[in-house]
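Read the structure below first, then the notes.
A short reminder: the numbers here are calculations on the coordinates, not readings from a lab. Because the structure is predicted, anything quoted here is derived from the model rather than measured. Positions of Cβ are generated from backbone atoms using ideal geometry, with glycine treated the same way; all protein chains shown enter the neighbour counts.
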2 protein chains.
Amino acid sequence: MKKAVILLSGGLDSATSMAVARSEGYELYALSFDYGQRHINELDRAKKIAETMDAQKHLIINADLTGIGGSALTSDIEVPKNSSEAAKRGSEEVIPVTYVPARNTIFLSFALGWAEVIEAEAIFIGANAVDYSGYPDCRPEFISAFEDMANLATKVSVEGKIKFRVHAPLIDLTKAGIIRKGAELGVDHALTWSCYDPVTKEGGGYVPCGGCDSCRIRAKGFEEAGLKDPLFD
Amino acid sequence: MKKAVILLSGGLDSATSMAVARSEGYELYALSFDYGQRHINELDRAKKIAETMDAQKHLIINADLTGIGGSALTSDIEVPKNSSEAAKRGSEEVIPVTYVPARNTIFLSFALGWAEVIEAEAIFIGANAVDYSGYPDCRPEFISAFEDMANLATKVSVEGKIKFRVHAPLIDLTKAGIIRKGAELGVDHALTWSCYDPVTKEGGGYVPCGGCDSCRIRAKGFEEAGLKDPLFD
């Protein structure tokens, strides 16, 4: 059975990317990171998603990005709320403060290392160039350059055993398109998490803030897809 | 003052690479990793080297590679001693068990993230294609592909503020050449560490095993350079 390493954050996109890999017949090796993110409850979601999608293995790597800093997601920079920033996405070249320097490069590099060890030729990433046009490492040209580098970087590729391919099956989809595709492929959207800045609930647990870029993009996506977000049931 | 992120392991090569950056007038930002390596005393050496070379900052990142496995340096695979493997290096295409899958890719990715945040255009790596010909991620074509990818991956490069360059100043030098260059540039070789499999000393501390590939390559290098290794004083 062909194997794939799936970058799984616990968000909508990575869960859908994993469902695409499953629908294409891959054995699933889910990879998540504890990188000092503020929205750490993402990881609990990732665990549940990996379980329900019958991942062969789920590896959580401790890779601390807080020392590097430079992002609202890993340092004390404030996560913008109801900002004009989200609205500006796409047409204008605005790179948001929630961008984490080199994050996808770092995550893909770990995925590459694991792929080499288990001899998986496919790496799946939920990168999306539509809603995340401001993130340079979500663009097709980045994915392609990473793939080229990967095939020069590893023992198995240099020996000709494996040619790595980085799959970014959602790269050209709108958020509504991703939500529809997830629904078709059996993603349980109630398990996914998007909020960058969750609010502690009375009695334990978290609820999405509703105001950060990620919450707003999610809400708009469900609306356009004509579906109800089960997180708000 | 122009800034450089220096990948500093605490070994001969990275210390020399750092000395090259210093001699070229860079402000030095040293970056080391606690990645679950067996030879963890490398990190103590890295700290001392960063101090004595007046690094502006020394960042140690926790990036656990043990979960990925696949290497004698991070898992239970035995480090080869006095093997024919070291001898086979160079002419034959042998990739040793001490190769860590995608390690340089992962380390360079973190370096890229930090370089973006501090706006350093240079990243220095002590990669060497002569003694480490078996490591795919020590070859010039890998370094070049990483550089191409890096310039598509980050906010500052996409915005045109910085064009990243990965410097591998030792890539074509023999170990003897690296040792001579280090001596010229004031590297204190007594602070550097090479052994993959250190032996605990009575009364505390460690001594090099003398038998692993890395010890053997070091010994041969000092011999060929006509210098005495101060580690064995």
task = For A:LYS220 paired with A:GLU141, estimate the spin-label separation in nm (one decimal), with each label point 7 Å from Cα along the Cα-to-Cβ line.
result = 2.4 nm
message = At a 10 Å Cβ-Cβ cut-off, how would you order B:THR192, A:THR200, fewest neighbours first?
response = A:THR200, B:THR192
remark   = Quick note on A:ASP197, B:ASP13, ordering by fewest other C-beta atoms within 10 Å, gives A:ASP197, B:ASP13
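Going by C-beta contacts inside 10 Å, put B:MET1, A:MET18 in order with the fewest on the left. Walk me through the numbers on the way to the answer.
Values: B:MET1 6, A:MET18 28.
Placing the least packed residue first, the sequence is B:MET1, A:MET18.
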request  = With N denoting the number of residues in chain B, provide Rg(C-alpha) divided by 2.2 N^0.38 Å, to two decimal places.
outcome  = 0.97
task = Could you pull the copy-to-copy label distances for A:LYS163, with points set 7 Å along Cα to Cβ, in nm to one decimal and sorted shortest first?
result = 3.1
key: Pairwise centroid distance, computed over Cα atoms, of the stretch A:115-175 with the stretch B:106-159, Å   = 17 Å
ask   = Which value at 222 nm does the protein assembly as shown reach when only helices count, each DSSP H run of 4 or more adding -39,500 (n - 2.57), with the total divided by all residues and rounded to the nearest 500 deg cm²/dmol?
value = -11000 deg cm²/dmol
message = List the lysines whose Cα sits under 18 Å from the Cα of B:LYS181, skipping any in the same chain fewer than 8 residues away.
response = B:LYS220, B:LYS228
task = Tally the DSSP beta bridges in the protein assembly as shown and give the antiparallel ones as a percent, rounded to 5.
result = 15 percent
task = Would you mind checking which residues have amide H under 5 Å from A:ILE61's amide H? H placed 1.01 Å from N; only 5 or more apart, or other chain.
result = A:SER32, A:PHE33, A:ASP34
task = Would you kindly state the longest site-free stretch of chain A, with sites defined as GluC sites (Glu not before Pro) in a DSSP loop (not H, G, I, E, B) surrounded by at most 15 other Cβ atoms within 10 Å?
result = A:25-77
remark   = Helix A:12-23: inclination vs chain A longest Cα principal axis, degrees, rounded to 10, gives 40 degrees
request  = Return the Cα extents of the protein assembly as shown along principal axes one, two and three, sorted largest first, each rounded to a whole Å.
outcome  = 76, 50, 42
